[in-house]
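A.B. asks: Before we start, here is the structure in question, set down as structure tokens.
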Amino acid sequence: MEEKSLWYRFKNGDDEALSLLYSQYVHELFSYGLRIHGDDQLVKDCIQEVFVHIIDHKNKLIITDLTPAYLFKSLRNKLCEELRTKNNRSGIIKQISYSEIKFDDSMEQLTVNSEEELYRRRILEAALASLSNYQREAIFLKYSQEFSYDKIAEILSVDVASARTLVYRSLKKIKESIFHKILVLFCFPFLKYK
Amino acid sequence: MYDFLKIKKINIFCISLIISYTYHIFSSFYQLKLISLSIKIKVNHLTCMKREEDIDFISLLQDERFIYLVKNSFDLDDQVSFIEQHYSCDREEILYAIDFFKANLTEQKRLSEEDTALLFQQIKESSETNNGRVRKFVSHRLWKAAAAIVLIFGGAITYYYSSQKDPLEKFAMNQTVATDDAVLVLSDGSKYKLNEDDSKIEYSQDGGNVVVRNKREQDEELRNKQDDSGPVINQIVVPAGHRHSISLSDGTLVVLNSGSKLVFPAEFSGKTRDVYLIGEGYFEVSKNANKPFIVKTEKINVRVLGTKFNISAYADEKVTSTVLVEGSVSVIENGKLLGNAVRKLSPQQGYFYSSETSSSEIKQVDVADYVSWKDGLFRFKDRTLRDVVLRVRKYYNKSILIEGDKLAGTLISGKLVLTDDIDVILNYLTKTLEVRQELQKDGSYIIKE
């Protein structure tokens, strides 16, 4: 409710509301953008364009619960557009690369209490790597940004049922590769992950 | 513990070794799908002995109660055992689900402070100019070089300024005066005791002459020694239990509340009229559009042209506030280089800066609640007993304790006459709250239920 009134204030040209909305979403947008493309400069440019766009077109802005998701969707489209013009190629979805390095980083940051935990981490990492980009994006939106399914659907421009299925399939794939990995490691315990 | 795990592991190793070999061999033959399925089920049974309902890695991660639990407790063992109790699910799956969730949560990358502020500035600029194409960030490398230069210069400048502290602030820090009486400290360090409360101090235009008027109409004249070493800086220290008003050389009237200190130049010779305040003061600034009047405090600076307002900046209180009675003031938060740190107030508004959360808010207030102290009245509305007692303590310089957090947090409204005896005041408070007070041997008071 409060969030919506903030958007209404923004629509009426309230600068304070803009700055509040900005500081509320900029970090999440940045984090999301980085997952789509590792170049932080490009991500910042695109965030700037997203905000400038909604400011310039605030009269047309429709305020619903999904308005925040619209920010993410715009960023995603902007980034895809940029990458497409940059690489001068179509089929951009394949071009979108999630930087694995960043995911590794976050894994290292976690305090690992035991060898067992470290072992689980490695398996999880490998499981996540086996996902497609699209699936990984869905997992990121659901569990890192903690978006609801209708928001995820809005961002990915699909319907809610598809978003739900996408997340479910991704989880299933992770699960399968986790327990498959365990089997492989049981067979060759001396080939333990380094 | 560890050995036991090892033994268990080896056992599982052996069993699963056999099973998985068979599994692998069979599963490679697509025709034998059926067999592989049955073996798969066996494996599942081995790893999930306890499974009754179909709760696993996936359904855990889709369960809101599970996610709430993982987010709100830090001890892994606690989490696991709790979940094991509530869900019939294999321990391994729980562990993976928890790890998966945690790994994702710590994922968030944040934009650095500087970049956040800079980006916002650029957004505002490009949207205001609105010239179709958005201005871009300078190219990557150039940008880095520019940032480095800005950083070096910025660092040098901030170092220069921080090493050259405001002379007023320096003066305030250097001269600590512990006293029971209100004291006026002159430029040469000589102290003049202000015997009576509410005596008035007046400065002549050039700041050379100081007149102290008291109730008995016996005026005393003091002189500030002039020398060429710099501005003549005076300060007035008002201890607990006193209030004093002072009229500065530009005609500005300041009323200082208990436990406050004001540092000011005898004559305002610079481009601005700067004073430094610790504690609480009510200001009636004389109008001078060419020389803004700036009240500096530890957390905020208040800049005005001519107006009436109150500032409360006690070192022992978490909130620094200013409330505007008349005119307009700008509040500048200290220590912020970027962003919108300047806030404008209109009459009947109050600005509150909390040093606990480093955040500020502006809200409409009943001005009388904040300035009535200058007339010897303490008016308050929906304040906790803790806050009220803190104030009373400042006036009377007596230790007052409240027994119990619940009592201390009780909200009260009302008005106290501060010229009354402390016993009378405490009587009012305790009667209103239907509690009692006790006077200890060491002279401190205790309020208890």
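No value in this document is a laboratory result; all are computed from the given coordinates. The structure displayed is predicted, hence computed values, not measured ones. For neighbour counting, all protein chains shown are included, and Cβ atoms are generated from backbone atoms with ideal geometry for every residue, glycine included.
A.B. asks: Just to check I understand the Karplus step: with θ = phi - 60° and J = 6.51 cos²θ - 1.76 cosθ + 1.60, what whole-Hz values come out for the range B:114-121, glycine and proline as x?
C.D. replies: Running phi through 6.51 cos²θ - 1.76 cosθ + 1.60 with θ = phi - 60° gives 4, 4, 4, 5, 5, 4, 5, 4 Hz.
A.B. asks: With label points built 7 Å along Cα→Cβ from the Cα atoms of B:ASP442 and A:GLU81, find their separation and express it in nm.
C.D. replies: Spacing of the two 7 Å Cα→Cβ label points: 7.0 nm.
A.B. asks: Something else now. May I ask you to compute the full-extension gain from B:ASN209 to B:THR357, defined as 0.36 nm times their residue separation minus their alpha-carbon distance, rounded to one decimal in nm?
C.D. replies: 48.9 nm
A.B. asks: Per residue of A:137-147, count partner chain C-beta atoms within 10 Å of its C-beta, then hand back the mean as an integer.
C.D. replies: Per residue, the number of nearby Cβ atoms from other chains is 3 on average.
A.B. asks: In the neighborhood of A:LYS151, defined by Cβ-to-Cβ distances under 14 Å, what is the net charge if each Lys or Arg adds +1 and each Asp or Glu adds -1?
C.D. replies: Around A:LYS151, the charge tally is -4.
A.B. asks: Along the Cα→Cβ direction, 7 angstrom out, place labels at A:VAL158 and A:GLU117. What is the inter-label distance in nm?
C.D. replies: 3.4 nm
A.B. asks: What does the average come to when, for each residue of peptide B:116-125, you count the partner chain Cβ atoms lying within 10 Å of its Cβ?
C.D. replies: What the average comes to for B:116-125 is 5.
A.B. asks: Residues of the range B:405-428 with amide nitrogen under 19 Å from the 7 Å Cα-to-Cβ point of B:LYS398?
C.D. replies: Those under the cut-off are B:408, B:415-428.
A.B. asks: Strictly over 32 Å apart at the Cα level, which of A:LYS4/B:LYS344; B:LYS124/B:LYS296; B:LYS191/B:LYS448; B:LYS299/B:LYS381; A:LYS151/A:LYS173 would you flag in this model?
C.D. replies: Where the Cα-Cα span goes over 32 Å, the pairs concerned are B:LYS191/B:LYS448.
A.B. asks: Also: Round to the nearest 0.05 the FRET efficiency obtained for A:LYS60 and A:GLU2 when R0 = 22 Å and r is the Cβ-Cβ distance.
C.D. replies: 0.45
A.B. asks: In addition: Classify the range B:393-449 as rounded, prolate or oblate from the Cα gyration tensor: take a ≥ b ≥ c as the square roots of its eigenvalues, call it rounded if a/c is under 1.5, otherwise prolate when a/b beats b/c and oblate if not.
C.D. replies: Because a/c hits 1.5 or more and a/b fails to exceed b/c, the range B:393-449 counts as oblate.
A.B. asks: First measure r as the distance between the Cβ atoms of B:THR384 and B:LYS200, then evaluate 1/(1 + (r/R0)^6) with R0 = 25 Å and state the FRET efficiency to the nearest 0.05.
C.D. replies: 0.10
A.B. asks: Measuring from label point to label point, each 7 Å out along Cα→Cβ, what is the B:GLU434 to B:ALA408 span in nm?
C.D. replies: Each label point lies 7 Å from its Cα, and together they span 2.4 nm.
A.B. asks: Then there is this: Return the FRET efficiency for the residue pair B:LYS271, B:ARG110: r is the Cβ-Cβ distance, R0 is 41 Å, and the value is rounded to the nearest 0.05.
C.D. replies: About 0.55, to the nearest 0.05.
A.B. asks: What's the magnitude of the charge dipole for the range B:376-445 around its Cα centre, counting Lys and Arg as +1 and Asp and Glu as -1 at the beta-carbon? Answer in Debye, nearest 20.
C.D. replies: 260 debye
A.B. asks: Taking beta carbons within 10 Å but only from partner chains, what does the mean come to for residues A:17-28?
C.D. replies: 3
A.B. asks: Hey, another quick one. In the range B:257-300, which trypsin sites (Lys or Arg not before Pro) fall in coil by DSSP and have 10 or fewer other Cβ atoms within 10 Å?
C.D. replies: Counting only loop positions with at most 10 other Cβ atoms within 10 Å, the trypsin sites (Lys or Arg not before Pro) in the range B:257-300 are B:LYS271.
A.B. asks: In nm, what is the difference between 0.36 nm times the number of residues separating B:LYS344 and B:ARG65 and their Cα-Cα distance?
C.D. replies: Once the chain is fully extended between B:LYS344 and B:ARG65, it gains 95.9 nm.
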